[in-house]
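Participant: This is the structure, below, for whatever I ask next.
Each reported figure results from applying straightforward, stated rules to the coordinates on display, with no laboratory input. Bear in mind the structure is a predicted one, so any value in this text is a computation, not a measurement. Every residue, glycine as well, gets a Cβ built from its backbone with ideal geometry; the counts of neighbours run over all protein chains shown.
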Amino acid sequence: MLYDGGKIITGVVIFLILITFPFWANLGKAAYKYPELEKAAQAKECVEATEWMRGNHMQLLDQWRDNVVRGATRVYVSQSGRQFDMSLSNTCLDCHASKANFCDRCHNSAAVAPYCWDCHITEPKGKS
Amino acid sequence: MLEKALSGSKSYWSWVFFLLAVVGVGFVCYLIQYREGLRLTGLSRDVSWGLYIAQLTFLVGVAASAVMLVLPYYLHDTKEFGRITILGEFLAVPAMIMCGLFVVVDLGKPMRMLNIALYPTPNAILFWDFVVLQCYMGLNILIGFTVLSAERKWIKPPAWIMPFIYISIPFAVSIHTVTAFLYAGMPGRHLWLTAIMAARFLSSAFAAGPALLIILALIIRKATRFDPGREAIQKLSLIVTYALIINMFFLSLEFYTAYYSGIPGHQHSLGYLFFGQHGYNALVPWMWASVIMAIGSILVMLFPRNRKNESVLAVTCAVIFIALWIDKGLGLIVGGFIPNPLEQYREYSPTGLEIMITLAIWAVGALILTVLYKIAVGVKEETGGELAPH
Amino acid sequence: MGADRRKFLKLAGLGVLGLGAARPAQAGIFPYPNFPKFPWERERAKTNDSALTAKRWAMVVDTTKRPGRDAWAEAIAACNKIHNVPQVGNVKEEVKWIWTEPFANALPDHEQAYLPEGVESREFPVLCNHCDNPPCVRVCPTKATFKRASDGIVLMDFHRCIGCRFCMAACPYGSRSFNWGDPRRYLDMDHINREYPTRAKGVVEKCNFCAERLARGQLPACVEACQDGALIFGDLEDPSSEVRKILKTRYTIRRKPSLGTGPGVYYII
């Protein structure tokens, strides 16, 4: 016997409706599409393979951060043996020149707001 | 037992809503400070800690003072305190919560505060402060609720709580010692670089905390059907008197070392606080007010006739609390930064926003204290304030 | 009924705690030590071939070479420019990495009434001393400020700093500044050094002995700006370095040496 059973069950049902909102409210809408990213002009390949970067650029940047800031090592040797200066603004944005047309596209659609840009320069080559 | 806080008289609810209003205004002020940065406070490159950290320092002392009820009762069977150890424990909890809040509002990047736990640094005294404060707060919540619910059921507290109670005694001393160590280990700050810092902290804590407890006990007797007991209050007043005498004695020791040694570095901060230096004297009236209030209170409290008169006692305890707040919650922290390490005098005064946020956090503490005391008093009114024989 | 509900709540609480602890343990969220995590990662990071290395970097300030007013202006300007140091403009919130002070403020332990006239009027550049036994490092609760093991430079990790300002209280030299507000409001963002980040509101900053320049084989900006060699920079533990040579021939003093901090900035008076 559930005391106040009527109220409890009503509450649970309302909770379930609210918590499954993203699922039933998006029924019939199109599947998630990867945003269109502006490709880098100069280089053919990124620091690492594209798929790997897509999944791991966050960890890579963390590693770069710790190596540069806390260690004395600033040169990254990629899995293919190429060497890069470990710098978000000076290496990554050197090729991916427009943060708005590259980084922000995926970040906005995934509702992620990394605050790297509070400090790191978004236009390393100056205002276009 | 929490339901006891949800029913009360009109004055109870007016008080609660008043506190909530203060908290609300302060919270909005904090949002503004969060967005704009700490530049909205009176803090500066030279006086980088001010009102917020001073409150933390003072309140750690108030929290430690619960031990002044626990130690005599559990170690020395001072029966009078049996009824009111819960009041000490339930004062420590909001005091610790206020300490935590004052740290949060003082941080430049509060969203990163868990870095202290993620990157433990054993050589950093602030890390230990964090650990010890969390432990002591947890201890008091655990002990308070366990003992109270046993009391409600007319049974002895369970045996497993006793080790926690005993360990809370050295912990109380340790939280304030560690907080004193924050200051006493700074090589460039001569006001704080004294071996007696921890002792001063403890003595002023054991005067201010019990003074507040006395006032709260008297309020409880007036406002509820629970009487904390005349004898308990009298014993506490004795503790306050001795602790205050020791505290003022320790202060005089600082003056002796600074001025008899003749070393200018030792004198500069003390001189700034009490006599002003080179025309900078903003804190002089405050410090003298504190000393005069404290000495006056000692003279009053020395006479049993005064201590036994509960109106005189109440007023004197309030004066003592304020005097020690000025000493620790204003003078000590700000004074340590003036003059700065380059021997320059740059003064500090808090801004309105800073004061409002401070008041709001005090209101949070008062609110939690009210709720916890309502619960404790509710239980005691139920059981008639009698403890199970033990 | 009451006892069962209590038991349920206790178990549920423990369960949530347990779940909460499992995930961080799984994800390796405790990143201590930070880098590199796995042995094969060590080959991924190396120093530049041109990097300048030392066992312990130190600096000698030859104040006799700069007797005039504003004598150190170019050194200070060079540092401010390449590090995007915000020019706040008021004493309360100013951010300064290297600046000048009169003798009585820079070297109060050596203050006396009868100083040579030249010394009395001279300006002394003060900066972080990159101590051997730094109190700021000792007190930092997150190791956001740390002494780098490879070369003894006391550095800031702006990503980790929580802005507690304990390091500012601990520093006996007043070398550290806090960003009380957003530093970018005090920078001309069109004319900053784009190769170096700015900082954000809420972190502490100070001189870093130009670690980023040393890594590329360049001397610190202030040292380079003083073309007459008024600032000498080198390895204190290398007997053949410039710094050691000068220390052998000229008498130097340091700020507040009796505090045991072991400062690495020496002054020729």
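Participant: For C:Thr145, what residues show an amide H to amide H distance below 5 Å, using hydrogens built from the backbone and excluding near sequence neighbours?
Facilitator: Under 5 Å from the amide H of C:Thr145 lie the amide H atoms of C:Asp157, each far enough along the sequence or on another chain.
Participant: Name the residues whose placed amide hydrogens come within less than 5 Å of the amide hydrogen of C:Glu237, ignoring near sequence neighbours (fewer than 5 apart) on the same chain.
Facilitator: Amide H neighbours of C:Glu237: C:Lys55, C:Arg56.
Participant: If you don't mind, there's one more thing I want to ask. Classify segment C:93-135: rounded, prolate or oblate, from the alpha-carbon gyration tensor (a ≥ b ≥ c, eigenvalue square roots; a/c under 1.5 rounded; otherwise prolate if a/b is larger than b/c)? Walk me through the numbers on the way to the answer.
Facilitator: Working: a/c = 2.72, a/b = 1.58, b/c = 1.73.
Note, shape of segment C:93-135 comes out oblate.
Participant: Still on this structure, please answer the following. Relative to the longest principal Cα axis of chain B, at what angle does helix B:51-64 sit, 0 to 90 degrees, rounded to 10?
Facilitator: So the inclination is approximately 40 degrees.
Participant: Starting with the fewest neighbours, write out A:Ser78, A:Ser109 ranked by other beta-carbon atoms found within 10 Å of each beta-carbon.
Facilitator: On the way: A:Ser78 15, A:Ser109 12.
In order of increasing Cβ crowding within 10 Å: A:Ser109, A:Ser78.
Participant: Okay, moving on. Longest exposed-loop-site-free stretch of chain C, with GluC sites (Glu not before Pro), DSSP loop and at most 15 other Cβ within 10 Å?
Facilitator: Numbers: sites that count: C:Glu111, C:Glu195, C:Glu237.
No qualifying site falls inside C:1-110, the longest such stretch.
Participant: Kindly provide the chymotrypsin sites (Phe, Trp or Tyr not before Pro) of segment B:318-377 that DSSP labels as loop, not H, G, I, E or B, and whose Cβ sees at most 16 other Cβ atoms within 10 Å. Don't skip to the end; give the middle numbers.
Facilitator: Values: sites: B:Phe321, B:Trp325, B:Phe337, B:Tyr345, B:Tyr348, B:Trp362, B:Tyr373; in loops: B:Phe337, B:Tyr345, B:Tyr348.
The qualifying sites are B:Tyr345.
Participant: Going by alpha carbons, how many degrees (0 to 90, nearest 10) lie between the helix axis of C:73-82 and the longest principal axis of chain C?
Facilitator: Roughly 30 degrees, rounded to the nearest 10.
Participant: Still on this model: Angle between the Cα long axis of helix C:2-27 and the longest principal axis of chain C, 0 to 90 degrees, nearest 10?
Facilitator: 50
Participant: Take B:Thr257, B:Thr85 and order them by how many other Cβ atoms sit within 10 Å, fewest up front.
Facilitator: Numbers: B:Thr257 15, B:Thr85 25.
The order, fewest Cβ neighbours first, is B:Thr257, B:Thr85.
Participant: For a quick check, take a GNM of chain C with Cα springs below 10 Å and name the residue from C:Thr100, C:Thr47, C:Thr64 with the largest mean-square fluctuation.
Facilitator: Taking springs between Cα atoms under 10 Å, the residue moving most is C:Thr47.
Participant: Can you give me the long-range amide H partners of C:Trp99? Hydrogens built in the peptide plane at 1.01 Å from N, cutoff under 5 Å, separation of 5 or more residues or another chain.
Facilitator: When sequence neighbours closer than 5 places are left aside, the close amide H contacts are C:Val126.
Participant: Next question. Roughly what would the spin-label model give for B:Ile169 and B:Val312, points 7 Å off Cα along C-beta, in nm?
Facilitator: So the two model labels end up 3.3 nm from each other.
Participant: FRET efficiency for B:Ser252 and B:Ala289, Cβ-Cβ distance as r, R0 = 22 Å, nearest 0.05?
Facilitator: On the way: r = 17 Å, r/R0 = 0.79.
About 0.80, to the nearest 0.05.
Participant: Related question: Here is the link list: C:Lys147/C:Lys201; C:Lys46/C:Lys147; B:Lys4/B:Lys235. Which ones come out longer than 26 Å on Cα distance?
Facilitator: Values: C:Lys147/C:Lys201 23 Å; C:Lys46/C:Lys147 19 Å; B:Lys4/B:Lys235 29 Å.
In this structure, B:Lys4/B:Lys235 lie more than 26 Å apart at Cα.
Participant: For A:His107 and B:Ile263, FRET efficiency with R0 = 45 Å and r from the beta-carbon atoms, rounded to 0.05?
Facilitator: Values: r = 58 Å, r/R0 = 1.30.
According to the calculation, E is roughly 0.15.
Participant: In nm, to one decimal, how far is the modelled label at A:Leu37 from the one at B:Ala5, with both set 7 Å along Cα→Cβ?
Facilitator: Distance between the two pseudo-spin positions: 4.9 nm.
Participant: If you don't mind, there's one more thing I want to ask. Below 8 Å between Cα atoms, with a sequence gap of 6+, how large is the relative contact order for segment B:2-383 in percent? Don't skip to the answer; put the middle values down first.
Facilitator: On the way: 508 pairs, mean separation 116.9, N = 382.
About 31 percent, as a whole number.
Participant: Let me ask another. For segment A:1-84, state which chymotrypsin sites (Phe, Trp or Tyr not before Pro) are in a DSSP loop and have at most 13 other beta carbons lying within 10 Å of their beta carbon. Numbers along the way, then the final one.
Facilitator: Values: sites: A:Tyr3, A:Phe15, A:Phe23, A:Trp24, A:Tyr32, A:Trp52, A:Trp64, A:Tyr76, A:Phe84; in loops: A:Tyr3, A:Tyr32.
Sparse-neighbourhood loop chymotrypsin sites (Phe, Trp or Tyr not before Pro): A:Tyr3, A:Tyr32.
Participant: While we're looking at this one, here's another question. Based on the alpha-carbon gyration tensor of the protein assembly as shown and its eigenvalue square roots a ≥ b ≥ c, which shape applies: rounded if a/c is under 1.5, prolate if not and a/b is larger than b/c, or oblate?
Facilitator: Numbers: a/c = 2.35, a/b = 1.28, b/c = 1.83.
Oblate, because a/c is 1.5 or more while a/b does not exceed b/c.
Participant: Under the rule of -39500 (n - 2.57) per DSSP H run of 4 or more residues, summed and divided by the residues of the protein assembly as shown, what mean residue ellipticity at 222 nm is obtained, to the nearest 500 deg cm²/dmol?
Facilitator: When only DSSP H runs of four or more count, the value is -16000 deg cm²/dmol.
Participant: Going by the alpha-carbon gyration tensor, a ≥ b ≥ c the square roots of its eigenvalues, is segment B:123-233 rounded (a/c under 1.5) or, if a/c is not under 1.5, prolate (a/b greater than b/c) versus oblate? Show your work: numbers first, answer last.
Facilitator: Working: a/c = 3.33, a/b = 1.63, b/c = 2.04.
Oblate is the answer for segment B:123-233, as a/c is 1.5 or above yet b/c matches or exceeds a/b.
Participant: Further, regarding this structure: Which loop chymotrypsin sites (Phe, Trp or Tyr not before Pro) in segment C:198-269, with loop taken from DSSP, have no more than 16 other Cβ atoms within 10 angstrom of their Cβ? Please list the in-between numbers first.
Facilitator: On the way: sites: C:Phe209, C:Phe233, C:Tyr251, C:Tyr266, C:Tyr267; in loops: C:Phe209, C:Tyr251.
Answer by residue number: C:Tyr251.
Participant: Given R₀ = 22 Å, what would the calculated FRET efficiency be for B:Leu31 paired with C:Asn90, taking r from the Cβ atoms and rounding to 0.05? Working shown, then result.
Facilitator: Values: r = 25 Å, r/R0 = 1.12.
The formula returns an efficiency of 0.35 here.
Participant: Continuing with the same structure: Label C:Lys248 and C:Val119 with points 7 Å out from Cα along Cα→Cβ: what is the distance between them in nm?
Facilitator: 2.6
Participant: Tell me, B:Leu31, A:Leu61 in order of fewest to most beta-carbon neighbours within 10 Å?
Facilitator: On the way: B:Leu31 10, A:Leu61 16.
Ascending Cβ contact count within 10 Å gives the list B:Leu31, A:Leu61.
Participant: On to the next question. Got a sec to turn the phi values of segment C:62-68 into Karplus ³J(HN,Hα) couplings, 6.51 cos²θ - 1.76 cosθ + 1.60 with θ = phi - 60°, whole Hz, x for Gly and Pro?
Facilitator: 8, 6, 5, 7, 10, x, x
Participant: Taking θ as phi - 60°, what are the ³J(HN,Hα) couplings along segment B:280-289 by the Karplus curve (6.51, -1.76, 1.60), each to the nearest whole Hz, with x for Gly and Pro?
Facilitator: Result, ordered by residue: 8, 8, 4, 8, 4, x, 5, 5, 5, 4 Hz.
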